Amino acid sequence: FALSPDGKLLAYVAEDSARIPHLWVRPLTALTGQALKGTEGASFPFWAPDSRSIGFFTNNKLKRIEASGGPAQNLCDVGGNGRGGSWNTKGTIIFCSRGLTAPISRVSASGGLSIPITKLNVDPSNLEMSHRWPWFLPDGEHFLYLARTLVGSTGERDAIYVASLDTTFLPRVIVNSGTNAAYASGHLLFAREQTLMAQPFDVDQLQTTGDAVPIAERLDLATQSGNISFSVSQNGVLVYQAGVVSAGTRFVWYDRNGKQGGVIDQRTFLYEGRLSPDGKKIATSVIEPASGNAHIWLYEIGRSIWTRLTFDPYNYRWPIWSPDGRTIVYQRESSLWQKVSSGEGSEELLFKSVDAIFPEDWSADGKFIAYTTNGPNTQSDIWILPMSAAGERKPFLFLQTKFREDFPAFSPDGRWIAYESDESGSGRNEVYIRPFPGPGGKWQISNNGGTRLRWRGDGKEVFYLSLDDKIMSAEIRLGSTTVDVGIIQPLFRFRPFTGGQRDIYDVTNDGQQFLVTTIGSLDNSSPVTLVVNWPEEIKKK
């Protein structure tokens, strides 16, 4: 939720009766709020300085909409899950895109090309994972942001920085904290664990001038994103929500009818859940609390045994299985590495890259790996890495346009690649199929938005996730040069965990069982608390 700068309106995300999240607006003097049409899938709203418009993220886009309603306007692509925005009086918006590994970018409030304005620290001793939750200071030039060094925890190296739209200004630490921060009424507001703190702050000298004091306790804290549930206006109004620290994520089994089966719960953050080709194991990346690094672990389903695969002090993400189940490829330091799934021997560098690349799928004949990466002037593009002799592994481009192409998956016969793209211009991602390695046309599979696709083992069905979090089934008939799409129908809905994660679910080869990743803690139904004239409360302490 986000409180308007004038302290009169509250923008928040809530689900409708169909469990589709929308952006809502409620005057603080009213008993109910109003849902804004055209904001399906909205997250992390923020206000224009005149309290008339709202920025928000949805479906890989940054958008704006009038608080009174009307059509939503696309501002720019964000390439993933946005993590906070801020809007100054000069018509500039700053925001975090791609959630997990991204700097702060800027874009005009009228829309256009976004430009990064911060740089991540790549020093291994203080490796920054992302910059997020920006907040403009009153001059509209300087701003606060959170620099995260530990994923999934609020480590002592995380800090609130002050930076400037003038990129020659050297960002500097204001206070150590692992959560979002804000400035209002002469104070910097941030959290220490679940306690909201207020500390005097000089906006001219850009430094704190006194001790921090607690103003609210036991706030809802999402450790994965570093978001503490509070918002503040510029005239002494504060809102916050009490709650619990997130209990991490877990894997849950569902059948095609949505009946829940077993639960796999490690009380930490389980990320990508990839089923082995024989369906007996799961490859995932698991947060290591002490270091904050993610490591590849394997889970043997039949015996409920966890086995760690990687050990070096790096971040390991996005594992995929070889067709025979003997090898796992994953990302380490923006490059592709592989290791024998039995754990024997050492890991091997498969393909070195300067830019972050994401392993997506391995063809059934073992000859090709599909991966995605961002081009210098494009969004996500699809590349193919031949799995031939080491000296002959030269990637070739499969699909690159001005649009975003993501999550490629080989058909079981290896003759087609399904993927998602935002090329439709509707603001939604849709699922498409193209012949591999090409050339040829394309066939659109989804009609009302689709992401995170999977093939059934015989190639006769494609599954994908709808905008309202339903697993969808599309009948597919693959010809020699054509694709026929049959019946498309929803199977079931679930609450996915999407923070910094690409593989939200996986499916068994027969298409009967689904392994999904969900939040481990219970839903937070605590009310939002309103505090008027909170600076006066500080004077009493």
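The values are calculated or read from the model by the stated rules, or taken from the named source; none is laboratory data. Since this is a predicted model, take the numbers as computed values, not measurements. Cβ atoms come from the backbone with ideal geometry, glycine included; neighbour counts cover every protein chain shown. Areas reflect the complete protein model, heavy atoms only, side chains present, ligands, DNA and RNA absent. Shrake-Rupley method; radii C 1.70, N 1.55, O 1.52, S 1.80 Å.
Worth pointing out:
- Enumeration of residues in segment 224-243 that are more than 23 Å from the chain's Cα centre (by Cα) and either assigned to a loop (DSSP other than H, G, I, E, B) or without any contact (Cβ under 8 Å) to a residue 60 or more places away in the chain (or both): 233, 234, 235, 236
- Selection status of residue 232, of a type in the set (A, V, I, L, M, F, W, C), farther than 26 Å from residue 7 by Cα and either modelled with pLDDT of 90 or more or touching a helix residue (DSSP H, G or I) at 6+ places or on another chain (Cβ under 8 Å) (or both): no
- Flag if residue 495 is touching a Ser or Thr at 6+ places or on another chain (Cβ under 7 Å), surrounded by fewer than 21 Cβ atoms within 10 Å (Cβ to Cβ) and within 30 Å of residue 129 (Cα to Cα): yes
- Residues of segment 165-186 satisfying the condition of being open to solvent by 20 Å² or more (accessible area, probe 1.4 Å), assigned to a loop (DSSP other than H, G, I, E, B) and hydroxyl-bearing (Ser, Thr, Tyr): 167, 168, 185
- Count - residues of segment 390-406 that are open to solvent by 20 Å² or more (accessible area, probe 1.4 Å) and outside any loop (DSSP other than H, G, I, E, B): 6
- Of all residues making up segment 307-359, the number that are of a type in the set (Val, Ile, Thr) and open to solvent by 40 Å² or more (accessible area, probe 1.4 Å): 3
- Selection over segment 16-46 of residues that are in contact (Cβ under 8 Å) with a residue 24 or more places away in the chain and open to solvent by 20 Å² or more (accessible area, probe 1.4 Å) gives a count of 11.
- Evaluating residue 192 against the criteria (1) more than 21 Å from residue 131 (Cβ to Cβ); (2) open to solvent by 10 Å² or more (accessible area, probe 1.4 Å) leaves one unmet condition, (1).
- Restricting attention to segment 47-64 and to residues that are modelled with pLDDT of 95 or more and assigned to a loop (DSSP other than H, G, I, E, B), the residue that is most open to solvent (accessible area, probe 1.4 Å) turns out to be 52.
- Yes/no for residue 462 being open to solvent by less than 10 Å² (accessible area, probe 1.4 Å) and β-branched (Val, Ile, Thr): yes
- Candidate set: segment 360-383, residues that are at pLDDT 95 or above and open to solvent by less than 20 Å² (accessible area, probe 1.4 Å); chosen: the one nearest to the chain's Cα centre (by Cα): 360
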